[in-house]
Each structure stands twice: as structure tokens, then as C-alpha cells.
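The next block holds one structure in the form of C-alpha cells; read it before the comments.
The values are calculated or read from the model by the stated rules, or taken from the named source; none is laboratory data. Fair warning: this is a prediction, and the values are worked out from it, not measured in the lab. Cβ atoms come from the backbone with ideal geometry, glycine included; neighbour counts cover every protein chain shown. Calculation scope for accessible area: heavy atoms of the full protein, side chains included, ligands and nucleic acids excluded. Shrake-Rupley method; radii C 1.70, N 1.55, O 1.52, S 1.80 Å.
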Amino acid sequence: MSTTTDPGTLTPRDAHTPATLTGGHLAGLTETHRELVAARAPWSRVLRAGEVLTIVDVDGNQAVDFLAFAWPDTSRAYSAQATLAAAGGVFLTTGSVLLDNEGGPLLTVVADEVGRHDTLGGACSQESNTLRYGHHTRAQHACADNFMNEASRYGLGKRDHVSNVNWYMNVPVDPDGALGIVDGISAPGLSLALRAETDTLVLVSNCPQVNNPCNGFDPSRAEMVVHSPEAGAR
């Protein structure tokens, strides 16, 4: 069974089941939420400790920008510096722990079908689009807009916008330290899974960027699937 969806709305969807959804990291958990996120759209949820969020790259080559905050103490936010220092590298994959600015664990990557995710590329914005691609791009919707709109639902504003993770985005680092944004290494239906180590607010921007290859110049859908220790929907 499937549901026809308006590309401008967020609606539940009975989708295919990626391989990671049947892995051992879901033992004892029950699916409690499934939602298709339209191209260019935001999404958010408070994950309770022990819940697992699976992010599916439905159509392939779609960057999914991501922020995380401890809940309800949002002063503890994902810290790229703490996370990368602890990991000893700049890419995230299975076993990576997303740490907050006090060094506490927020989320752990417990499954990953892609193998490498970006922590350096940041979120697109009107300002960065204008600088990189020209003034004609200033009016284009951007991840910063998605984050600010979604964060406002939780009383957060611009001061709370920290560095973000870019799931599925391919940003190689050259020997001289230069960064590039190139074609993704994901494919349709691949996924990754994150286990909440504490109650955590997660914010997603299903990236609307059309000026570089991070979305194959054609933003597409992502799917969010939540599994919980408790039976039944939240």
C-alpha cells in the first residue's frame, strides 16, 4: 500500500523497507512513526532516549541537513568541534557519536549503508548562495530558512543555529585542506540510523540547493522512520 503525496506537504507513507531497518540495532524496538519529507521541506521531532531515527535517501543523491539539541535544555547543542575531536576525523559513519558542546553524547550512528557523511560543508543560506553563485540566487529558499522556521516552533532563533551535519552530502577534503562539493555517493533507498542517547530535539532541512551537485541539481524526498522501545505510536 502506498499513498500519493503532494510534493509540498509532509504525509505518512508506507514505503519499502531498507536493509538497515531490519538490522540488529532495532532489536526490541517497534516502529512508531514514518513520514515522507518532501523535497526542500523541513522536519523535526523530539527523540526520546533509546529511540532510533532512520533517515532514508528515497530517490538518491539528496543531502539531508541536520541539527540536534538536548531536550529540553537546548543550550546543549551538537558540537562539530567536540564530535570531530573525539572521532579523530571529519566524516561520520557507523559508530560515530554526535557530542554536544559540553562533551555529552546526543546521538550515535548505529547503522549506515553509505559509509561517509559530511560535517564541514555547512547549511546553504541566502547569503552563501549570493556569495558563491551570484545575486540572482538570493531569493532562493535555503536550509538556513528551513532551520529557522522549524526551530521557531521550539522557541529557538538565529543565536541557536550551530554547525550542522549533512547526511549523504559528499564533501572531500584535499591534501591542502580545500573542500569541494561533488556528486553524492548515496543511491535510492539507502539509509542511516541514529540512536538517541538522551532526549534530543532533531531538526532537518531536506536541502533545497540547486546550484551545486549536493542534490544532483534536483532536490528530492527523504523519509524519517522512528522506532521506540515502547509498543504503539506516540
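Can you pull the one-decimal nm distance between simple spin-label points at residue 152 and residue 218, each 7 Å off the Cα toward Cβ?
It works out to 3.3 nm between the two label points.
Given a 1.4 Å probe, how much area per residue of the chain is accessible, in Å²?
Accessible area per residue, the chain: 43 Å².
Between residue 130 and residue 30, what is the FRET efficiency for a Förster distance of 30 Å, r being their Cβ-Cβ separation, to the nearest 0.05?
After rounding to 0.05, the efficiency reads 0.05.
If the chain between residue 159 and residue 46 were fully stretched, how many nm would it gain, using 0.36 nm times the residue separation less the Cα-Cα distance?
38.7 nm
Quick one: with all protein chains in place, what share of the accessible area of the chain is carbon or sulfur, to the nearest percent (1.4 Å probe)? Provide the component values of the computation, followed by the final result.
Working: 5120 of 9950 Å².
Of all accessible area on the chain, carbon and sulfur atoms account for 51 percent.
By accessible area of protein heavy atoms, probe 1.4 Å, what ranking do 153, 116, 45 get, highest first?
153, 116, 45
Measure off 7 Å from each Cα along the Cα-to-Cβ vector at residue 173 and residue 90, then give the distance between these two points in nanometres to one decimal.
In this crude spin-label approximation the distance works out to 0.4 nm.
Whole angstrom only: what separates the Cα centroid of the range 29-70 from the Cα centroid of the range 76-142?
One Cα centre to the other: 15 Å.
Once a ≥ b ≥ c are taken as the square roots of the eigenvalues of the Cα gyration tensor of the chain, is the result rounded (a/c under 1.5), prolate (a/b larger than b/c) or oblate (a/b not larger than b/c)?
Since a/c stays below 1.5, the shape of the chain is classed as rounded.
Does the range 63-177 classify as rounded, prolate or oblate by the C-alpha gyration tensor (a ≥ b ≥ c root eigenvalues; a/c under 1.5 gives rounded; else a/b over b/c gives prolate, otherwise oblate)?
The shape class here is oblate.
By what distance, in whole Å, do the Cα atoms of the range 59-102 stretch along each of the three principal axes, largest value first?
Per principal axis, max minus min of the Cα coordinates gives 35, 25, 15 Å.
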